[in-house]
1. Within 10 Å, count the other beta carbons around each residue, average over each peptide in 38-46, 118-126, 74-82, and list them highest first.
2. What spacing in nm lies between the two simple spin-label points modelled at residue 172 and residue 152, each 7 Å away from Cα in the Cβ direction?
3. To the nearest µm²/s, what D does Stokes-Einstein give for region 54-178 at 10 °C and 1.306 mPa s, using the Kirkwood radius over alpha carbon pairs as Rh?
4. Assuming R0 = 30 Å, can you tell me the calculated FRET efficiency for the pair residue 80 and residue 143, based on Cβ-Cβ distance, to the nearest 0.05?
């Protein structure tokens with residue numbers, strides 16, 4: 001058995017008894033990507049609210065949203081307990097949707113030190129779980145995400161939400177913003193991956 005497949009098999013069966021439930025705001029049904037598409041799990045890391053989005057596609061032009069939502073932990077709980085919950089949620093998401101790649105927003109700059117530390121802890125958990133599952137793991141800065149999705153590194157959250165809605169052909173604006181940001185991160189990976197770059201260059205030639 002291929003080592004990557006073997007890791008996913010072990011990873012999937014390790015969470016069967018966990019009983020964790022992430023909070024989807026959008027589900028499209030298809031659980032497995034086709035051989036012609038790449039499946040990306042985008043994660044907007046956070047300890048209180050962590051956005052996620054599962055996107056299938058070959059580049060941004062034909063991307064399709066499979067699931068979007070948010071993982072929440074209670075601020076009243078102990079830090080260790082919140083991190084344990086977040087870890088189980090990441091594990092469950094990866095086991096259910098079996099992404100080829102996991103794209104995570106890089107912790108770039110935070111004025112609030114406590115928020116920065118919490119975001120960094122959530123990001124580290126996502127990085128580790130994705131690597132253990134055998135997924136390709138990559139990080140993008142906020143400016144890279146805004147530039148790839150909205151065409152401008154200084155775009156605001158509402159502009160990003162509108163571009164995510166347009167690129168994924170969603171009937172309504174994706175909410176909450178954490179889920180929309182996660183979708184934007186996944187779209188960024190589809191745009192910046194080798195296949196995405198080739199398709200973008202072909203479309204502009």
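Nothing in this text is a laboratory measurement; each read-out follows from the coordinates by a stated rule. What you are looking at is a predicted structure, and each value in this text was computed from that prediction instead of being measured. As a convention, Cβ positions derive from the backbone with ideal geometry for all residues, glycine included, and neighbour counts pool all protein chains shown.
1. Numbers: 38-46: 27.0, 118-126: 21.1, 74-82: 11.0.
Descending mean neighbour count gives 38-46, 118-126, 74-82.
2. 2.8 nm
3. On the way: Rh = 15.9 Å.
The diffusion coefficient I find is 100 µm²/s.
4. On the way: r = 33 Å, r/R0 = 1.09.
For residue 80 and residue 143, the calculated efficiency is 0.35.
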